[in-house]
Structure formats: structure tokens, C-alpha cells
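The values are calculated or read from the model by the stated rules, or taken from the named source; none is laboratory data. Source: prediction; values computed, not measured. Cβ atoms come from the backbone with ideal geometry, glycine included; neighbour counts cover every protein chain shown. Side chains are part of the model used for accessible areas, which takes the heavy atoms of the whole protein and leaves out ligands, DNA and RNA. Shrake-Rupley method; radii C 1.70, N 1.55, O 1.52, S 1.80 Å.
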Amino acid sequence: MPSIVDRPAQRYVAERATLGIEEFPRIADRLPPLIGTLAGDGVVPAGAPFFRYLVLHPGMRFTVEAGVPIEGEFSPEEPAFIGEVPAGKYVLETYVGAPDGLAAATVEVLAWGAAEGVTWDVTEGADGEEWGGRLEVLRTNPLEVPDPTQWVTDLLFRLAD
């Protein structure tokens, strides 16, 4: 059952892409190099890596960021950039399983929200739904837990103010 949590603003370093679900590995594969760059500069991640969905375009296309939370100053080289997940109230649902089940888990959270009458931080833009805060936080390191059916992912959806 989803819960509502307060989250502070969180700075992060990320790369962004607009792609279809079949192309998702292209952005997911950017996380290890981002983490490696941080480590090379002596920056310890301030939390688990995540995907931040900015725009859900028609036809199962997304503008998504692969991000790593940071604290303090850091100046990444392009195409990486610094961003900030906004503070606010978020619906949190923890999903355990392989990534191919995340879409169904997301649908369940959105259906729960509709039944509960929550208002999401989302607007209809010219290119699709624009989200103020929609995250998949990767709680499991695949190098430590190779079985994807055991991976833990927090789904977070920002509520409207």
C-alpha cells in the first residue's frame, strides 16, 4: 500500500534523453559512468541512483534523466548537468522485482491515487504530461544482487502543492 512522505529538495548530477521503452538501456547505461566520474573526483553519492521522468510523451516515449544524488559542489562535464528534485509530499511505493514489472507497478500507484483523490504534480504540456517529480530510485546494486527478481525500487510521485 502506498504511503505519503515528505522529501527535502535533492541536488543531483544527471544525463537526460528522450527515448522509447525499447531504448531505455541507453539512459540506464549512463549511471555507472556518472558514478565513476563522481568517485574519480572524490564525490560520494548522497543516496541511491534514480531515473527521473520529466515528460511522458504519447506512444510510450519519455524524457528521462539518469541521476545520482550529491551534496556540495560539483561541476560535471557535458552532457552531464546538475539538477534538483523538488521538495514536497510524495507518494511512495516500494516495488520488488525485475524492471519489466515497473510499468505495471506504476499503473497500480496511479490507480490508487485516482481512487484516493490525490492530485499529482503534473501538467499537460505541448509534448505530453510534464511531471514535477516522478522517480524510480534504485535501492539494489545489481553487482551485489544479480537476481533481478530481488531488486528493490522505490516509486515516488510528487503531489501537487
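Summary of values
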{"read-out": "Theoretical gain in end-to-end length, W112 to L159 [0.36 nm per residue, Cα-Cα removed]", "value": "15.6 nm"}
{"read-out": "Kirkwood hydrodynamic radius of region 60-124, from inverse mean 1/r over distinct Cα pairs, in Å", "value": "15.2"}
{"read-out": "Within the chain, helix-based [θ] at 222 nm, where runs of 4 or more DSSP H residues each add -39,500 (n - 2.57), nearest 500", "value": "-5000 deg cm²/dmol"}
{"read-out": "Full-stretch length increase - D6, T119 - with 0.36 nm per residue and alpha-carbon distance subtracted", "value": "39.1 nm"}
{"read-out": "Surrounding net charge for A160, when Lys and Arg each add one and Asp and Glu each subtract one, Cβ distance under 15 Å", "value": "-3"}
{"read-out": "Spin-label proximity, N141 to region 47-77 - amide N less than 14 Å from point 7 Å beyond Cα toward beta carbon", "value": "47-49"}
{"read-out": "Overall dimensions of region 102-152 as given by Cα atoms, namely Rg and Dmax in Å", "value": "14.7, 42"}
{"read-out": "Accessible area per residue in Å² at 1.4 Å probe, computed on region 1-120", "value": "53"}
{"read-out": "Local electrostatic count, V13, Cβ distance below 15 Å [Lys/Arg +1, Asp/Glu -1]", "value": "-4"}
{"read-out": "Region 40-81: mean projected area of Cα convex hull, nm²", "value": "3.8"}
{"read-out": "Apportionment of accessible area to carbon and sulfur, the chain, percent (1.4 Å)", "value": "56"}
{"read-out": "The chain - Rg over Rh from alpha carbon coordinates, Kirkwood radius", "value": "0.95"}
